[in-house]
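Student: I'd like to ask you about the structure that follows.
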Amino acid sequence: MHDAARPKKVGSWYAVGALVAHFRRKARLTQEQFAERASLSVDTVRSIEQGRLALQPDRAEQFDELLGTGGALAVVVAKLPVRDRIVQFAQGLIDHEQEAVSVLSYQSLAVPGLLQTPEYCRAVFDYRYPALGSEAAEQWVQARMDRQLIWQREKPPVGHFILEESILRRPIGGPEVMREQFRRILNYTQPVHMSFQIMPMDQTPHAALDGPMVLLETPEHERLVYLEVQRASFLVDDPDEVSDYYHKYGMLRSQALSCDESERRLKGLLGES
(Lines give C-alpha, C1' and ligand atoms only; values in the text may rest on other atoms or scores of the structure.)
Protein backbone atom coordinates (compact mmCIF):
# COMPACT_ATOMS: atom_id res chain seq x y z
CA MET A 1 0.00 0.00 0.00
CA HIS A 2 1.32 3.39 -0.93
CA ASP A 3 0.50 6.34 1.30
CA ALA A 4 0.05 9.55 -0.73
CA ALA A 5 2.00 12.48 0.65
CA ARG A 6 0.39 15.34 2.46
CA PRO A 7 -0.50 18.15 0.02
CA LYS A 8 2.50 20.23 -0.89
CA LYS A 9 3.91 22.19 -3.80
CA VAL A 10 3.57 20.43 -7.12
CA GLY A 11 6.79 20.53 -9.14
CA SER A 12 5.29 21.76 -12.40
CA TRP A 13 3.36 24.58 -10.75
CA TYR A 14 6.41 25.58 -8.73
CA ALA A 15 8.25 26.00 -12.04
CA VAL A 16 5.35 27.92 -13.63
CA GLY A 17 5.15 30.17 -10.56
CA ALA A 18 8.87 30.86 -10.73
CA LEU A 19 8.44 31.86 -14.38
CA VAL A 20 5.62 34.26 -13.45
CA ALA A 21 7.81 35.82 -10.76
CA HIS A 22 10.69 36.13 -13.23
CA PHE A 23 8.56 37.91 -15.82
CA ARG A 24 7.02 40.16 -13.16
CA ARG A 25 10.42 41.26 -11.89
CA LYS A 26 11.61 41.77 -15.45
CA ALA A 27 8.64 44.12 -15.93
CA ARG A 28 9.83 45.94 -12.78
CA LEU A 29 6.60 45.32 -10.89
CA THR A 30 6.19 44.45 -7.23
CA GLN A 31 3.71 41.74 -6.28
CA GLU A 32 1.39 44.48 -5.01
CA GLN A 33 1.58 46.44 -8.26
CA PHE A 34 1.05 43.36 -10.39
CA ALA A 35 -1.88 42.19 -8.23
CA GLU A 36 -3.56 45.57 -8.71
CA ARG A 37 -3.13 45.46 -12.50
CA ALA A 38 -4.47 41.89 -12.63
CA SER A 39 -7.39 42.71 -10.28
CA LEU A 40 -6.24 39.98 -7.90
CA SER A 41 -5.35 39.88 -4.22
CA VAL A 42 -1.66 39.95 -3.36
CA ASP A 43 -2.13 36.59 -1.61
CA THR A 44 -3.34 35.04 -4.88
CA VAL A 45 -0.29 36.35 -6.78
CA ARG A 46 1.99 35.02 -4.04
CA SER A 47 0.28 31.62 -4.11
CA ILE A 48 0.71 31.38 -7.89
CA GLU A 49 4.36 32.40 -7.75
CA GLN A 50 5.06 29.93 -4.94
CA GLY A 51 3.42 27.04 -6.82
CA ARG A 52 0.62 26.63 -4.26
CA LEU A 53 -2.05 27.70 -6.74
CA ALA A 54 -2.20 26.63 -10.38
CA LEU A 55 -2.18 29.24 -13.14
CA GLN A 56 -5.36 28.65 -15.15
CA PRO A 57 -5.29 29.08 -18.98
CA ASP A 58 -7.37 32.27 -19.02
CA ARG A 59 -5.27 33.74 -16.23
CA ALA A 60 -2.08 32.77 -18.08
CA GLU A 61 -3.30 34.71 -21.13
CA GLN A 62 -4.05 37.71 -18.93
CA PHE A 63 -0.60 37.56 -17.34
CA ASP A 64 1.04 37.30 -20.77
CA GLU A 65 -0.76 40.43 -21.86
CA LEU A 66 0.07 42.38 -18.70
CA LEU A 67 3.71 41.32 -18.69
CA GLY A 68 4.31 41.42 -22.45
CA THR A 69 5.58 37.85 -22.56
CA GLY A 70 4.28 36.98 -26.03
CA GLY A 71 2.08 34.08 -24.92
CA ALA A 72 4.89 32.19 -23.16
CA LEU A 73 2.89 31.46 -19.99
CA ALA A 74 -0.18 30.29 -21.92
CA VAL A 75 1.97 27.87 -23.94
CA VAL A 76 3.61 26.40 -20.83
CA VAL A 77 0.28 25.95 -19.02
CA ALA A 78 -1.33 24.33 -22.09
CA LYS A 79 1.45 21.73 -22.24
CA LEU A 80 0.98 20.51 -18.64
CA PRO A 81 -0.63 17.07 -18.34
CA VAL A 82 -3.96 16.61 -16.54
CA ARG A 83 -2.29 15.11 -13.45
CA ASP A 84 -0.42 18.35 -12.82
CA ARG A 85 -3.71 20.22 -12.50
CA ILE A 86 -4.87 17.98 -9.65
CA VAL A 87 -4.21 18.47 -5.93
CA GLN A 88 -1.22 16.44 -4.78
CA PHE A 89 -3.07 13.94 -2.58
CA ALA A 90 -5.24 12.78 -5.52
CA GLN A 91 -2.46 12.34 -8.07
CA GLY A 92 -2.03 8.64 -7.29
CA LEU A 93 -5.53 8.15 -8.66
CA ILE A 94 -5.14 10.45 -11.67
CA ASP A 95 -1.95 8.82 -12.91
CA HIS A 96 -3.76 5.51 -13.41
CA GLU A 97 -7.25 6.86 -14.13
CA GLN A 98 -6.13 8.58 -17.34
CA GLU A 99 -5.15 5.29 -18.97
CA ALA A 100 -7.34 2.79 -17.10
CA VAL A 101 -9.29 0.19 -19.07
CA SER A 102 -11.94 0.05 -16.35
CA VAL A 103 -13.08 2.29 -13.50
CA LEU A 104 -15.40 0.91 -10.81
CA SER A 105 -16.49 3.43 -8.19
CA TYR A 106 -18.53 3.14 -5.00
CA GLN A 107 -19.35 6.50 -3.37
CA SER A 108 -21.23 7.27 -0.16
CA LEU A 109 -20.94 11.05 0.29
CA ALA A 110 -21.09 12.79 -3.09
CA VAL A 111 -21.51 12.09 -6.80
CA PRO A 112 -18.13 10.80 -8.07
CA GLY A 113 -15.96 13.41 -9.76
CA LEU A 114 -16.02 11.57 -13.08
CA LEU A 115 -19.80 12.16 -13.30
CA GLN A 116 -20.13 15.63 -11.76
CA THR A 117 -21.45 18.70 -13.55
CA PRO A 118 -19.40 21.88 -13.14
CA GLU A 119 -22.17 23.43 -11.03
CA TYR A 120 -22.40 20.45 -8.66
CA CYS A 121 -18.61 20.29 -8.42
CA ARG A 122 -18.43 24.02 -7.66
CA ALA A 123 -21.07 23.65 -4.94
CA VAL A 124 -19.12 20.81 -3.32
CA PHE A 125 -16.01 22.99 -3.20
CA ASP A 126 -18.06 25.97 -1.94
CA TYR A 127 -19.09 23.88 1.07
CA ARG A 128 -15.51 22.84 1.81
CA TYR A 129 -13.97 23.76 5.16
CA PRO A 130 -11.65 25.51 5.46
CA ALA A 131 -12.73 27.57 2.45
CA LEU A 132 -10.72 27.17 -0.76
CA GLY A 133 -11.02 30.68 -2.15
CA SER A 134 -12.56 31.40 -5.55
CA GLU A 135 -9.36 31.09 -7.59
CA ALA A 136 -8.44 27.70 -6.14
CA ALA A 137 -12.04 26.46 -6.39
CA GLU A 138 -12.25 27.30 -10.10
CA GLN A 139 -8.89 25.59 -10.62
CA TRP A 140 -10.17 22.41 -8.99
CA VAL A 141 -13.47 22.51 -10.90
CA GLN A 142 -11.66 22.78 -14.24
CA ALA A 143 -9.26 20.00 -13.27
CA ARG A 144 -12.16 17.71 -12.41
CA MET A 145 -13.86 18.45 -15.74
CA ASP A 146 -10.59 17.69 -17.53
CA ARG A 147 -10.52 14.29 -15.84
CA GLN A 148 -13.84 13.45 -17.53
CA LEU A 149 -12.14 13.55 -20.92
CA ILE A 150 -11.33 9.86 -20.40
CA TRP A 151 -14.92 9.14 -21.51
CA GLN A 152 -14.09 10.75 -24.87
CA ARG A 153 -11.05 8.59 -25.60
CA GLU A 154 -11.12 6.60 -28.84
CA LYS A 155 -11.40 3.50 -26.66
CA PRO A 156 -12.92 4.73 -23.38
CA PRO A 157 -12.72 2.68 -20.19
CA VAL A 158 -15.53 0.55 -18.87
CA GLY A 159 -17.22 2.61 -16.16
CA HIS A 160 -19.48 1.38 -13.39
CA PHE A 161 -20.73 3.45 -10.44
CA ILE A 162 -22.57 2.56 -7.26
CA LEU A 163 -24.07 5.59 -5.51
CA GLU A 164 -25.71 5.67 -2.13
CA GLU A 165 -29.29 6.93 -2.48
CA SER A 166 -28.58 9.53 0.22
CA ILE A 167 -26.19 11.26 -2.21
CA LEU A 168 -29.05 11.87 -4.61
CA ARG A 169 -31.30 13.22 -1.86
CA ARG A 170 -28.78 15.71 -0.46
CA PRO A 171 -29.59 19.02 -2.25
CA ILE A 172 -26.05 20.18 -2.96
CA GLY A 173 -26.23 23.49 -4.80
CA GLY A 174 -30.03 23.54 -4.78
CA PRO A 175 -32.81 21.80 -6.78
CA GLU A 176 -31.77 22.94 -10.28
CA VAL A 177 -28.13 21.93 -9.74
CA MET A 178 -29.33 18.51 -8.61
CA ARG A 179 -31.65 18.13 -11.61
CA GLU A 180 -28.80 18.89 -13.99
CA GLN A 181 -26.63 16.44 -12.07
CA PHE A 182 -29.25 13.70 -12.41
CA ARG A 183 -29.39 14.35 -16.17
CA ARG A 184 -25.59 14.15 -16.37
CA ILE A 185 -25.57 10.76 -14.65
CA LEU A 186 -28.27 9.44 -16.99
CA ASN A 187 -26.51 10.80 -20.10
CA TYR A 188 -23.04 9.61 -19.12
CA THR A 189 -24.23 6.08 -18.37
CA GLN A 190 -26.17 5.58 -21.63
CA PRO A 191 -23.31 4.00 -23.65
CA VAL A 192 -23.00 0.23 -23.36
CA HIS A 193 -19.64 0.51 -21.56
CA MET A 194 -21.13 2.69 -18.79
CA SER A 195 -23.64 1.92 -16.03
CA PHE A 196 -24.70 2.92 -12.54
CA GLN A 197 -26.59 1.42 -9.63
CA ILE A 198 -28.23 3.01 -6.62
CA MET A 199 -27.77 1.56 -3.15
CA PRO A 200 -31.14 2.06 -1.40
CA MET A 201 -31.03 3.84 1.95
CA ASP A 202 -32.78 0.93 3.66
CA GLN A 203 -30.52 -1.78 2.21
CA THR A 204 -29.17 -4.29 4.71
CA PRO A 205 -26.86 -6.11 4.73
CA HIS A 206 -24.38 -3.71 3.19
CA ALA A 207 -20.85 -4.75 2.21
CA ALA A 208 -19.13 -1.34 2.36
CA LEU A 209 -20.26 0.59 5.41
CA ASP A 210 -16.58 1.36 5.98
CA GLY A 211 -16.41 3.85 3.11
CA PRO A 212 -15.98 4.60 -0.61
CA MET A 213 -13.48 3.07 -3.02
CA VAL A 214 -12.36 3.26 -6.63
CA LEU A 215 -11.16 0.14 -8.43
CA LEU A 216 -8.96 0.51 -11.50
CA GLU A 217 -7.55 -1.86 -14.11
CA THR A 218 -4.47 -0.71 -16.03
CA PRO A 219 -3.69 -1.47 -19.70
CA GLU A 220 -1.31 -4.15 -18.38
CA HIS A 221 -4.32 -5.65 -16.52
CA GLU A 222 -2.91 -4.78 -13.12
CA ARG A 223 -5.68 -4.13 -10.62
CA LEU A 224 -5.45 -1.27 -8.15
CA VAL A 225 -7.68 0.24 -5.47
CA TYR A 226 -7.79 3.92 -4.53
CA LEU A 227 -9.07 4.93 -1.08
CA GLU A 228 -9.51 8.49 0.12
CA VAL A 229 -10.58 10.04 3.40
CA GLN A 230 -10.48 13.77 4.13
CA ARG A 231 -7.05 14.91 2.81
CA ALA A 232 -5.34 11.52 2.93
CA SER A 233 -5.32 8.88 0.21
CA PHE A 234 -3.95 5.41 -0.40
CA LEU A 235 -3.28 3.38 -3.52
CA VAL A 236 -3.52 -0.33 -2.82
CA ASP A 237 -1.60 -2.67 -5.12
CA ASP A 238 -1.08 -5.78 -2.96
CA PRO A 239 -2.85 -8.58 -4.91
CA ASP A 240 -4.43 -10.15 -1.81
CA GLU A 241 -5.84 -6.83 -0.57
CA VAL A 242 -7.00 -5.83 -4.05
CA SER A 243 -8.80 -9.16 -4.41
CA ASP A 244 -10.70 -8.49 -1.18
CA TYR A 245 -11.87 -5.10 -2.49
CA TYR A 246 -13.00 -6.59 -5.81
CA HIS A 247 -15.01 -9.24 -3.94
CA LYS A 248 -16.50 -6.50 -1.78
CA TYR A 249 -17.46 -4.50 -4.89
CA GLY A 250 -19.04 -7.58 -6.41
CA MET A 251 -21.13 -8.01 -3.29
CA LEU A 252 -22.21 -4.36 -3.46
CA ARG A 253 -23.39 -4.84 -7.05
CA SER A 254 -25.60 -7.71 -5.93
CA GLN A 255 -27.05 -5.68 -3.04
CA ALA A 256 -27.78 -2.48 -4.99
CA LEU A 257 -30.78 -1.88 -7.24
CA SER A 258 -30.37 -3.25 -10.77
CA CYS A 259 -29.27 -0.84 -13.49
CA ASP A 260 -32.84 -0.62 -14.85
CA GLU A 261 -34.33 -0.08 -11.39
CA SER A 262 -31.68 2.53 -10.63
CA GLU A 263 -32.47 4.42 -13.82
CA ARG A 264 -36.17 4.40 -12.99
CA ARG A 265 -35.53 5.66 -9.47
CA LEU A 266 -33.27 8.46 -10.68
CA LYS A 267 -35.83 9.49 -13.30
CA GLY A 268 -38.40 9.49 -10.51
CA LEU A 269 -36.28 11.91 -8.50
CA LEU A 270 -35.97 13.99 -11.66
CA GLY A 271 -39.74 13.96 -12.06
CA GLU A 272 -39.68 11.98 -15.31
CA SER A 273 -41.04 8.65 -14.10
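Student: Could you run through segment 51-76 and say how many residues are assigned to a helix (DSSP H, G or I), of a type outside the set (D, E, K, R) and closer than 23 Å to residue 28 by Cα?
Tutor: Step one: filter segment 51-76 for residues assigned to a helix (DSSP H, G or I), giving 57-67, 72-76.
Retained after the next criterion (residues that are of a type outside the set (D, E, K, R)): 57, 60, 62-63, 66-67, 72-76.
Retained after the next criterion (residues that are closer than 23 Å to residue 28 by Cα): 60, 62-63, 66-67, 72-76.
Residues flagged as assigned to a helix (DSSP H, G or I), of a type outside the set (D, E, K, R) and closer than 23 Å to residue 28 by Cα within segment 51-76 amount to 10.
Student: On to the next question. What pairs can you find where one residue is in segment 195-216 and part of a loop (DSSP other than H, G, I, E, B), the other is among the β-branched types (Val, Ile, Thr), and their Cβ atoms are less than 9 Å apart, with a gap of 6+ or different chains?
Tutor: Within 9 Å, the pairs are 208/162; 211/229; 212/229.
Conditions (1) of a type outside the set (Asp, Glu); (2) farther than 12 Å from residue 147 by Cβ; (3) touching a strand residue (DSSP E or B) at 6+ places or on another chain (Cβ under 9 Å); (4) at pLDDT 95 or above, marked per residue:
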{"residue": "78", "(1), (2), (3), (4)": "yes, yes, no, no"}
{"residue": "97", "(1), (2), (3), (4)": "no, no, yes, no"}
{"residue": "103", "(1), (2), (3), (4)": "yes, no, yes, yes"}
{"residue": "108", "(1), (2), (3), (4)": "yes, yes, yes, yes"}
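Student: Could you go through segment 108-122 and let me know if any residue there is over 15 Å from residue 184 (Cα atoms) and in contact (Cβ under 8 Å) with a residue 60 or more places away in the chain.
Tutor: Yes, the conditions are met somewhere in segment 108-122.
Student: Just to verify a result, which residue in segment 239-250, among those that are surrounded by 14 or more Cβ atoms within 10 Å (Cβ to Cβ) and of a type outside the set (Ser, Thr, Tyr), is nearest to residue 190 (Cα to Cα)?
Tutor: Once the filter is applied, the top-ranked residue is 248.
The values are calculated or read from the model by the stated rules, or taken from the named source; none is laboratory data. The structure displayed is predicted, hence computed values, not measured ones. For neighbour counting, all protein chains shown are included, and Cβ atoms are generated from backbone atoms with ideal geometry for every residue, glycine included.
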